[in-house]
1. Taking a quarter of the surface of the Cα convex hull of the chain, what do you get in nm²?
2. At q = 0.13 Å⁻¹, what is the base-10 log of I(q)/I(0) for the range 294-411 according to the Debye formula with one equal point scatterer per Cα and no solvent? Please give it to two decimals.
3. So how do 190-196, 333-339 stack up, highest first, on mean other-Cβ count within 10 Å?
4. Enter the angle in degrees (range 0 to 90, nearest 10) between the Cα long axis of helix 40-49 and the first principal axis of the Cα atoms of the chain, meaning the one along which they spread out most.
5. DSSP beta bridges in the chain, what fraction antiparallel, as a percent rounded to 5?
6. So what is the relative contact order of the chain, in percent, for Cα pairs below 8 Å that sit 6 or more residues apart?
7. Could you tell me what a quarter of the Cα convex hull surface of the range 82-153 works out to, in nm² with one decimal place?
8. What angle, in degrees between 0 and 90 and rounded to the nearest 10, separates the Cα long axis of helix 418-436 from the longest principal axis of the Cα atoms of the chain?
């Protein structure tokens, strides 16, 4: 096993905002608190230690997690970390992810391993503290269509059922067909039986939240990973003052809107705030709360609350209030002694909208760290690339760019007409000199002729390239086939493939390879040879 690194800045799959964040450009500096380097964690620890009521929150958090882990076996390392959360010297590093069927895309693993590895690094640098890796399950999300499938090679395995409300509460019945399809696809591979057993045991749990906890725990139980379901009445009670402020004053909308007023036009706005960034949650539905004329309405429901009634509802039933994408980060940082959030590019982008909001609520803004990204490539694929005189980085191009690169490399004919165009321009410079001494209309005629000649050369260049592509089609088709294998649907492998496709051959060794290969404080894309 070996690895190579590619700076994110060279890859088209990452946004300008993320690239500028990694470069710590001035255009992004106002959007974050501390950049994720090792030295900055010392100040982050000191600031988080001073958060109001943190000792009370630690006790509530510990008790809630002990309850959530009552039925989980072989959890010694995790339970030890849960106990440590009471200690004022203990801090968390957190990542979050949806409850995707059988983990969903590969980057589920990369997120959690980035979190585990950062805790190990911080423990070495700051041995007087304890660092606990946390996976925050997005149990209150309601978009079932996003999580109900996973890909195995070219096949898409779908949990075909209806759902509404928080996905974490969804019962897990009806997954037999998915398991049977997976078993057929796994065939007689080395770790097929292990994967089927893992799938079966996970989805014996009564709902998707418990199933996902079981699954993630089985994969990372030796690392002390703490898996949290924040759809918990004890944890929601800690957020009552902040939810109350949201209902009364819509502070999140005001603060995030203020941030977006000065948003750089070169950066995409990831999420726009609503006037109230809370949902009303029941077992079967999740309703957006709308305030109008001093009353509170539930979008899609006839129920109406006065302000007094909804605040009483919050006090008596905080579990019925659910933060959306704007408020969820604040809820997380209220209940966790957290230092750093690790997420993908889209997640980091919306966190960068929230600093003003955090400051208004007097909650420390965490360090934001881009999770590791990786490409898994086997020795057979590498051998094919070598025969084509290509390296993995070449495959990150668009397919037509890759074709041009290959043809330019193997063709015995010079396809680039740049020298001819330059020669032509020099010839026309002499004609322009003559034109200066004659009628202005002649100068226009010279310009028109120049454009015509350049356009003709460009046309010939394209024709020649097309002819050479045809001649060397065997080379290009072989390269494009490998590119499609490693970048399905012109997307990063980590966003399409499921871990089972690789685990079937490598088993637990796959996780060890990833842990050894991924360094969360190295801001490079990692190519891993399996």
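1. Mean orientational projected area (the chain, Cα hull): 31.8 nm².
2. For the range 294-411 at q = 0.13 Å⁻¹, log10 I(q)/I(0) is -0.76.
3. Output ranking for 190-196, 333-339: 333-339, 190-196.
4. Long axis of 40-49 versus the principal axis of the chain: about 20 degrees.
5. DSSP beta bridges in the chain are roughly 50 percent antiparallel.
6. Value for the chain: 24 percent.
7. Result: a mean projected hull area of 6.0 nm².
8. That helix lies at roughly 60 degrees to the long axis.
Quick note: the coordinates plus some simple rules give every number you see, no bench work behind them. Given the structure is predicted, the values throughout are model-derived calculations rather than measurements. Quick reminder, even Gly has a Cβ in these numbers, built from the backbone with ideal geometry, and neighbours come from all protein chains shown.
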